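Read the figures in this text as sums done on the coordinates, not as results from a lab. From a predicted model like this one, the values you see are computed outputs, not experimental measurements.
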Amino acid sequence: MPTAFSLAVTLSSPNLTFFHSQNGSSPSSSSAVDPPFLVTHWEGLYLLAMIGMELFVSVVCPLYLEHILPFLPLLTISAYCSFGLHYSFFQLYSHILRLT
């Protein structure tokens, strides 16, 4: 039998906090909640901007730019994801350096 999974998002300053619980209870009513997964404002903005990027690639490019720049959707997605990957690798590297 699959376990229930709940997700609550709390907008707090300076971080966007994601609480997750395996038992389906709310984060404030359970002491068995895992520690929060913190996303900074810049990281949250990156994740929200992904919606705009996807709309651009799915709507604007096929309607207006398909014949002029057919490679633009792939270029946009690749550059956007490359930025996110490099950022996450630098964050991981700095975290490892702090631990050693």
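Quick notes on this one:
- For the range 31-100, the average shadow cast by the Cα convex hull is 7.0 nm², which is a quarter of the hull's surface.
- Size-normalised alpha-carbon gyration radius of the range 50-91, reference 2.2 N^0.38 Å: 1.32
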